[in-house]
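Remarks on the structure that follows.
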Amino acid sequence: MAAAETPNSPAAGATPAAGAAGITPEELQLSARNHSMPLEALRRDVTPPGLHYVLTHFDIPDIDAAAWHLRIGGAVERALELSMAALRRDPAITVPVTLECAGNGRSLLDPRPLSQPWVLEAVGTAHWTGVPLAYLLGKAGVLPTATEVVFTGTDAGVQGGVAQQYARSLPIREALRPDVVLAYKMNGGELPPQHGYPLRLVVPGWYGMASVKWLESIEVVMSPFSGYQQHIAYRYQDSEDDTGRPVSRIRVRSLMVPPGIPDFFTRHRVLRPGPVLLQGRAWSGEGAVTAVEVGIDGTWLPAQLDKPAGGFAWRKWTLPWVAEPGEHVLTCRATDITGATQPLEQNWNYQGMGNNVVQRVSVTVEGG
Ligand SMILES: Nc1nc2c(c(=O)[nH]1)N[C@H]1C(S)=C(S)[C@@H](COP(=O)(O)O)O[C@H]1N2
Ligand SMILES: [Mo]
């Protein structure tokens, strides 16, 4: 029984699998449903919906937006029930946000935790338009005793033997941030079915699991939420027995557009000798990216950074390189304002969360 993102049975998570070898039918099934962003899409500031990564634990619901309502209740002065038409009349904001799945990089771990086997590209940047969550919570009137807000999606399934609707909570101070949005548009167009139609939460700076799709209800609560996706899944665990620490903000990461052209099967890169502009994007959920270095055969050079497109949107970087004939390894490494940087050796954890190891691209420059 496979479900995305968290090893389902303790045995599954602990099963050693060497590198990417021996991919299981369950992993293949998940990776055929959930797709990542092709690395060449890093050329674009904004990721078109079809290129943005997708992660859905259960089934994509088919929702009739005309009949759909959002319920807001719990520890509030006034419970609200809002139609899509009513939400569209509220003041709207548009926020550029880089979303990344917390399981990005999982398939590189050894042993490999069995779940959605992401490589490096479970990321995308979109412009999300909708009503600020803080505005609606203000309308409902949050009681002073409130500590968290629970978001529940329509989609249901079984994970780790637990029947559930997908649900996550946010601490009240995060929920009241002005840039947290209940989005009904992606890149100016209608929200696509796979991205949460008709309404989803977007929490800038947090790994994707916080941004609940197909939102059905919002409940303000006074005690810690203990739902499966909060309490069991999305934790940094050292071992099966470790209760772990919750996954929250996106760790600093950079990726490059692999230069040249790919070999179809291996994706190994081939390019001509001479000047080439290496480029990519870097982001962090902890704050601004302050530096990107590019490694050419082990020598680190500072890349040039463009202006950021928003507080939690990726930043473009470039580095001119003169490619000489032969075999080369290109890497990139970002640092954010907290001083956090990307590890050269990945840290293993039981669920395979937050693996922000540096990307390595091997290239063959022709003419040697
Ligand atoms: N209702 C619901 N919301 C969800 C999920 C889900 O399975 N169901 N998956 C989460 C996870 S793990 C991620 S990484 C993001 C992915 O968002 P995207 O598919 O729009 O890129 O959605 C989050 N929101
Ligand atoms: Mo995710």
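The values are calculated or read from the model by the stated rules, or taken from the named source; none is laboratory data. What you see is a predicted model; the values in this text were computed from it and never measured. When we count neighbours, we look across all protein chains shown, and the Cβ atoms used for this are built from the backbone with ideal geometry, even at glycine. For the accessible areas, the whole protein counts, side chains as well, though only heavy atoms, and no ligand, DNA or RNA atoms are used. Shrake-Rupley method; radii C 1.70, N 1.55, O 1.52, S 1.80 Å.
General observations
- Length-normalised contact order for the chain - Cα pairs under 8 Å, 6+ apart - percent: 18
- The phi-based Karplus calculation (6.51 cos²θ - 1.76 cosθ + 1.60; θ = phi - 60°) puts the 3J(HN,Hα) values of the range 237-247 at 10, 6, 8, 4, 7, 6, 6, x, 10, x, 7 Hz, whole numbers, x for Gly and Pro.
- Nonlocal amide H pairs with Val270, under 5 Å, H built at 1.01 Å: Ile261, Asp263, Thr364
- Solvent exposure of the chain as accessible area per residue, Å², 1.4 Å probe: 42
- For the range 79-86, 3J(HN,Hα) per residue [Karplus equation, 6.51 cos²θ - 1.76 cosθ + 1.60, θ = phi - 60°, Hz, x = Gly/Pro]: 6, 10, 10, 10, 7, 4, 4, 5
- Residue-averaged [θ]222 nm for the chain, counting only DSSP H segments that reach four residues, each worth -39500 (n - 2.57): -2000 deg cm²/dmol
- Other residues lying with their Cβ under 9 Å from the Cβ of Val149 contribute a combined charge of -3, Lys and Arg counting +1, Asp and Glu -1.
- With only the Cα atoms considered, the chain has a convex hull volume of 136 Å³ per residue.
- Stokes-Einstein D for the range 130-174, Kirkwood Rh over Cα pairs, 37 °C, 0.692 mPa s (µm²/s): 264
- Of all accessible heavy-atom area on the range 15-246, the percent that carbon and sulfur account for (1.4 Å): 56
- Residues whose amide H falls under 5 Å from that of Glu216, counting only those 5 or more places apart or on a different chain, are Thr152, Gly153, Thr154, with hydrogens built in the peptide plane.
- Euclidean distance of C-alpha centroids, the range 50-75 and the range 273-296, integer Å: 34
- Fraction of beta bridges assigned by DSSP in the range 253-365 that are antiparallel (%, nearest 5): 90
- Neighbour net charge for Ser248 - beta-carbon separation under 14 angstrom, K R +1, D E -1: +3
- Shape parameters for the range 253-365, alpha-carbon atoms, Rg then Dmax in Å: 14.6, 44
- Long-range amide H partners of Gly285 with built H, under 5 Å: Ile250, Arg251, Val252
- 3J(HN,Hα) couplings calculated from phi for the range 283-297 with the Karplus curve 6.51 cos²θ - 1.76 cosθ + 1.60 (θ = phi - 60°) are, in sequence order, 8, 7, x, 8, x, 4, 6, 10, 7, 10, 10, 10, x, 10, 6 Hz; Gly and Pro show x.
- In summary, the lysines within cross-link reach of Lys307, defined as a Cα separation below 24 angstrom excluding same-chain residues under 8 places away, comprise Lys316.
- The chain: most fluctuating residue of Arg315, Arg168, Arg269 per GNM, C-alpha cutoff 10 Å: Arg269
- Across the accessible surface of the range 253-365, with the other protein chains kept in place and a 1.4 Å probe, carbon and sulfur atoms take up 58 percent.
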